[in-house]
Amino acid sequence: MRNKRVCDYIAEAIQNEILSGHMQSGDPLRQEELADSLGYSRIPIREALQILESQGLVKRLATRHVVVADFSDEVIEEIYDLLSDVEIKLLKAMMRSETTLFEATKPGSDTLQEKAGSPADINISGETQFHEALIANSHNEYFTHILENGLWCYIRFAVEETAAGRENTHRLELLSKIAKAYADKDIKTVRKFLTEYFECLCKAVIAERKK
């Protein structure tokens, strides 16, 4: 789990407003107004806006003004499709190099592969741990950048901030199936269940935005 800075907490608060649809495409984000409303100095606000820009949530205009980026349902679907594709490519590379999907985190603890078929044993931290393990095994810096932004923005929001996302039983079952397929070196089944996993996240976000 990463250590959060002040700018990370600010970025998360704005992420939630944008991804929930409370802030609309084209809405301006002014440092002075954000500093006043959130009660922080302009330095962490500026750093938070840089984070949001790297995540594709905001864009900087030629005038240097910052506005919310386009977030139609189609764009949201494209984002979760991209995250799914990158994780599949990474899992395929890990499979070729015979990398263990999860190492035991403490003596006597099980890997996710050993828990496959027992979704009740995997809690919400295990869901985050799955993506963190992939990032830790990435040797492609661009993939790492995409997946870190994906985890701490789009996956985090879907899992923690949406009603459907908090109902995680089915997703944990999918992660167990992915772990088993990975252990069996069955990339087709990994692709099938990982695609379904990200479709669940995407649907949760789109449903939340329609409330």
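The values are calculated or read from the model by the stated rules, or taken from the named source; none is laboratory data. No experiment lies behind these values; they were computed from the predicted model shown. All Cβ positions, even for glycine, are placed from backbone atoms using ideal geometry, and neighbour counts span all protein chains on display.
Descriptive notes on the structure:
- Residue in region 158-167 that is at pLDDT 95 or above, touching a Phe, Trp or Tyr at 6+ places or on another chain (Cβ under 9 Å) and within 19 Å of LEU90 (Cβ to Cβ) present: no
Here is a yes/no grid of residues against (1) modelled with pLDDT of 85 or more; (2) more than 20 Å from the chain's Cα centre (by Cα); (3) assigned to a helix (DSSP H, G or I):
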site: ASP81; (1), (2), (3): yes, no, yes
site: SER84; (1), (2), (3): yes, no, yes
site: MET95; (1), (2), (3): yes, yes, yes
site: ALA104; (1), (2), (3): no, yes, no
site: GLY108; (1), (2), (3): no, yes, no
site: GLY117; (1), (2), (3): no, yes, no
site: HIS131; (1), (2), (3): yes, no, yes
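- Contacts under 6 angstrom Cβ, first residue in region 91-103 being over 19 Å from PHE193 (Cα atoms), partner surrounded by 10 or more Cβ atoms within 10 Å (Cβ to Cβ) and modelled with pLDDT under 95, 6 or more apart: THR99/ASN137
- For region 152-211, the candidate set comprises residues that are outside any helix (DSSP H, G or I) and of a type outside the set (S, T, N, Q); within that set, the residue that is surrounded by the most Cβ atoms within 10 Å (Cβ to Cβ) is GLU161.
- Taken together, ARG171, ARG156 contain a single residue that is within 24 Å of HIS22 (Cα to Cα) and either in contact with an Asp or Glu (Cβ under 8 Å, 6 or more places away or on another chain) or touching a residue at least 12 places away in the same chain (Cβ under 8 Å) (or both), which is ARG156.
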